[in-house]
Amino acid sequence: MNTLVTGVPGFIGSLIDQFQFGLSSVIHPLCTHERCIQLIELVLVLSVVVMIFRQRSGIGCSRLSVLGKYFGNMARRKTLSVVFVGLLSLSARIILIPVLGVPEPDAHDEFSYLLAADTFAHGRLTNPPHPMWEYFETFHVIQHPSYMSMYPPMEGLVLAFGEQLGNPWIGQLITTALMCSAVCWMLQAWLPAIWALFGGILVVLRLGIFGYWMNGYWCASVVALGGALVLGAWPRIKRHRYVRDSVLMGLGLVILANSRPYEGFVLALPVGIAMLLWITGLRSNQLRITLIRVVVPLVFLLAGCGVLMSYYNYRVNGSPLQTGYQLNRGTYSRAEYFLWQRPRPQRNYDHAVMQRFYDTEFQYYRENRTAWGLAKHSLTRIFWSWRFFLGAALTIPLLAIPRVLRDRKMRFPILVLAILVLGLAVESFYSLHYFSPGFALIYLILLQSMRHLRFWQWNGKPVGAELVRAIPLVCCAMVVLRVIAVAANAQIEPSYPRGNVQRAEIVRYLEHSPDEHLVLVRYANEHIADKEWVYNPADIDGSKIVWARDMGDAGNQALLKYFKGRTVWLVQADDSPPKLSLYSDSAMF
């Protein structure tokens, strides 16, 4: 374990002292909030690398050596390691709630997932269409034949679990901790136990505390959890043929099918082919055991999942073979999901903000279908992915990638990763959570790179080992610096709590008043379509606050009559700050 966690001399303390003050005044003018974090991390990494190469002898720290032995003993207890990683993420984020707060929803997808969560939390699969649905028409939400999120149900189920516990984000919090544990469990199937524990801790430091997978309502963590279960179960099935591992793989496949079905299918395809080739090569006695312990549980789980998915689609969309995503995109969007598909016909929209959003989306889709646009957007995707999953600290192990490519044991994970990347490349759009099914593969390859890197020497000095030791220290330093910056209100990244805080403040204000409310949302001509305010829970009529689109004084009359008795407000969302005022026509009723 000394090769993992012996120290770099007290550089963390000095770095904290150096960067705690003046972060905003020095760095903010040089970069946007999104880039400040990367710049700070790059400075830390370069400082550590220069220090390591300039030192005359190896670096040691007795206290960290003792800590390394402690973690070495823990790593040998694999179940304890998995539990520890999850509890580390869970406890760290709970402790930081007074500093980071609880996130607020902001993006279209988040509100759509929350609609599904509220529906499930009330014991329903979907909701009847509202008679005034034109006023509530919004992004990523189906209005007919039922009122529901367009997305598969898994993300909504996660948030519904949290809603039952008091807040939907609790579901995201717990699921992210489970994801960190699942990645550690997956790594144990491919690497020595100490490296699996090390990788699990790195996942916590990188994504288990900060980042939108934890601090939001996107629920990408549940997708990564499903992918880790599939990738961790496959080597275990080959070695032991336990029913438990087959069930875990089946659970992972069910999660992927009900969260990100296309990307999950791309990840599962090479695993399924590898399993088929392995089964066909077994002898008769081994084949019988494998069929009973592996194939039967998988078929049972997947068949049951298929039946339930078909029933869910039927209840939501009216067809067992059509998903909500297909229905919604077919209704609103001209852009197709894959680059080779031709665009759909021109659409007509009742609201200018929706016209603007889908026109912008279509322009991006058309540009991506050109050679220049595809190259430009591909580079952007690579940069986004590097910044989010790796950063400067976790780029260090990539120095040993040539050695990893020659590892026979790593050929299959690299192949699966390559197939997933190709599958993502043909999609018209990309967000970081699209990659979540194969997220664990990145850390598997990183950890294997570190195992090679630790043997590197420079002029007889163990430079590689020192670089590996420095990585978790830099990651810890970044966590500390980010917490200090938030506490000191130094704007090195978007402020916490994340999300549409202005909308949340209006919600809190109206919830503490005795009346029921109808809020009409009016946008300026230059409104950014990504900043949407019109979202409602499952039971619109039973909600204390109903959000609707302002359709002009004459156009609003039918809605005002329907919600007679409510206090009617107007929100001018693009004012700074957004302005809430009583709607003048409310007195008419």
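The values are calculated or read from the model by the stated rules, or taken from the named source; none is laboratory data. Everything numeric in this text was worked out from a predicted model, so none of it was measured. Every residue, glycine among them, receives a Cβ derived from its backbone with ideal geometry; neighbour counts consider all protein chains shown.
In segment 222-235, the residues that are assigned by TED's automatic domain parsing to the domain that holds residue 175 and over 16 Å from residue 413 (Cα atoms) reach residues that are buried (at least 24 other Cβ atoms within 10 Å of the Cβ) and among the charged types (D, E, K, R) with C-beta atoms within less than 8 angstrom, at least six apart or across chains, in these pairs: 222/155; 223/260. Close contacts from segment 35-56, counting a first residue that is touching a residue at least 60 places away in the same chain (Cβ under 8 Å) and assigned by TED's automatic domain parsing to the domain that holds residue 457 and a second that is among the aliphatic types (A, V, I, L, M) and surrounded by fewer than 16 Cβ atoms within 10 Å (Cβ to Cβ), with Cβ to Cβ under 9 Å and a gap of 6+ residues or different chains, come to 36/30.
With respect to being in contact (Cβ under 8 Å) with a residue 24 or more places away in the chain, farther than 30 Å from residue 332 by Cα, buried (at least 23 other Cβ atoms within 10 Å of the Cβ) and touching a Lys or Arg at 6+ places or on another chain (Cβ under 9 Å), residue 177 fits the description.
For segment 297-345, the tally of residues that are hydrophobic (A, V, I, L, M, F, W, C) and assigned to a loop (DSSP other than H, G, I, E, B) stands at 4. Residue 80 fulfils the conditions (1) of a type in the set (A, V, I, L, M); (2) more than 23 Å from residue 507 (Cβ to Cβ); (3) in contact (Cβ under 8 Å) with a residue 60 or more places away in the chain except for a single criterion, (3).
The set of residues in segment 204-222 being in contact with a Phe, Trp or Tyr (Cβ under 8 Å, 6 or more places away or on another chain) and either among the basic types (Lys, Arg) or part of a helix (DSSP H, G or I) (or both) consists of 206, 207, 220, 221. Checking each residue of segment 320-336 against the condition of being within 30 Å of residue 273 (Cα to Cα), of a type in the set (Asp, Glu) and outside the structural domain of residue 267 (by TED's automatic domain parsing) gives at least one match.
Quick grid of which residues meet (1) free of Cβ contacts under 8 Å to residues at least 60 places away in the same chain; (2) closer than 22 Å to residue 110 by Cβ; (3) buried (at least 20 other Cβ atoms within 10 Å of the Cβ):
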| residue | (1), (2), (3) |
| --- | --- |
| 533 | yes, yes, yes |
| 538 | no, yes, yes |
| 551 | no, no, no |
| 554 | yes, no, no |
| 559 | no, no, yes |
| 562 | no, no, no |
| 574 | yes, yes, no |
| 581 | yes, no, no |
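Within segment 98-126, the set of residues being among the hydrophobic types (A, V, I, L, M, F, W, C) and more than 19 Å from the chain's Cα centre (by Cα) comprises 99, 120, 121, 125. The set of residues from segment 237-293 being of a type in the set (Ser, Thr, Tyr), modelled with pLDDT of 95 or more and assigned to a helix (DSSP H, G or I) comprises 246, 262. Condition test on residue 541, is it over 30 Å from the mean Cα position of the chain (by Cα), assigned to a loop (DSSP other than H, G, I, E, B) and charged (D, E, K, R)? Yes, satisfied. Considering only residues in segment 505-540 that are of a type in the set (Gly, Ala, Ser) and either in contact with a strand residue (DSSP E or B) (Cβ under 9 Å, 6 or more places away or on another chain) or not assigned by TED's automatic domain parsing to the domain that holds residue 572 (or both), the one that is nearest to residue 131 (Cα to Cα) turns out to be 538.
Listed by first and then second residue, the pairs with beta-carbon distance under 8 Å, at least 6 apart or on different chains, first residue in segment 127-152 and among the acidic types (Asp, Glu), second assigned to a loop (DSSP other than H, G, I, E, B) and surrounded by fewer than 19 Cβ atoms within 10 Å (Cβ to Cβ), are 134/350; 134/551; 137/143; 137/350; 137/351.
When the residues of segment 479-514 are filtered to those that are modelled with pLDDT of 90 or more and charged (D, E, K, R), the one that is nearest to residue 541 (Cα to Cα) is 511.
Scanning segment 499-539 for residues that are touching a Ser or Thr at 6+ places or on another chain (Cβ under 9 Å) and farther than 24 Å from residue 149 by Cα yields 510, 513, 515, 516.
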